[in-house]
1. Applying the selection to segment 76-95, what residues are within 24 Å of A17 (Cβ to Cβ), modelled with pLDDT of 90 or more and over 9 Å from the mean Cα position of the chain (by Cα)?
2. Across segment 29-75, what is the number of residues that are in contact with an Asp or Glu (Cβ under 9 Å, 6 or more places away or on another chain), surrounded by fewer than 16 Cβ atoms within 10 Å (Cβ to Cβ) and part of a strand (DSSP E or B)?
3. Being free of Cβ contacts under 8 Å to residues at least 60 places away in the same chain, among the hydroxyl-bearing types (S, T, Y) and surrounded by 21 or more Cβ atoms within 10 Å (Cβ to Cβ) is the filter here; which residues of segment 76-124 pass it?
4. Would you check if there is a residue in segment 137-159 being β-branched (V, I, T), modelled with pLDDT of 90 or more, in a loop (DSSP other than H, G, I, E, B) and surrounded by 12 or more Cβ atoms within 10 Å (Cβ to Cβ)?
5. Report the residue count in segment 8-47 for those that are modelled with pLDDT of 75 or more, closer than 19 Å to R105 by Cα and among the charged types (D, E, K, R).
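The values are calculated or read from the model by the stated rules, or taken from the named source; none is laboratory data. For clarity, every value in this text was computed on a predicted model and none was experimentally measured. In this analysis, Cβ positions are derived from the backbone assuming ideal geometry, glycine residues included, and neighbour counts consider all displayed protein chains.
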Amino acid sequence: MRTAKKRRIQNKTDYKARLILLKGRKPRIVVRKTNKYITAQYVISEESKDKVLIGVSSKDLLKYSWEQDHAGSLKSITAGYLTGLLLGTKIKTKEEVILDMGLIRNIKKSRIYSVLNGLVDAGIKINHNKSVFPDEKRIKGEHLKNKVNFEKVKENILKEKK
């Protein structure tokens, strides 16, 4: 009988899915969400060892005019989109990448797909279906009482790209 792997028991790694991703030999965008933030990393694998080339967090949005009053909403759909856009502007390569969501549930129009939407809008080649993206109103935060300065933050991120 095979011994169960420690990270699988702890619900941290799905080894079957990881093997499929590694066999693809393409760079990955790894997206994770925590209790406070959304993180996204551009990762390549060499001999089954992951190497993070670029990493951003939704906490970085504070440097791009995200209001401190809205710091509690750095895990929202809006913050996810802007985090994806920020990572997409920092990636210089033009090759196709794969989205790695890990053990996060695959739910349409969720925060993870808002990150994917930001990456696509930044010009990253990634296989996707637009039907899973959140609505434009939710991305801009128009449904909230206290609206986030979405356009200003987006403008500051795109300014840095140039």
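1. Hits for segment 76-95 are G88, I91.
2. 1
3. Of everything in segment 76-124, those that are free of Cβ contacts under 8 Å to residues at least 60 places away in the same chain, among the hydroxyl-bearing types (S, T, Y) and surrounded by 21 or more Cβ atoms within 10 Å (Cβ to Cβ) turn out to be Y81, T83, Y113, S114.
4. No, the conditions are met nowhere in segment 137-159.
5. Residues meeting the conditions: 4.
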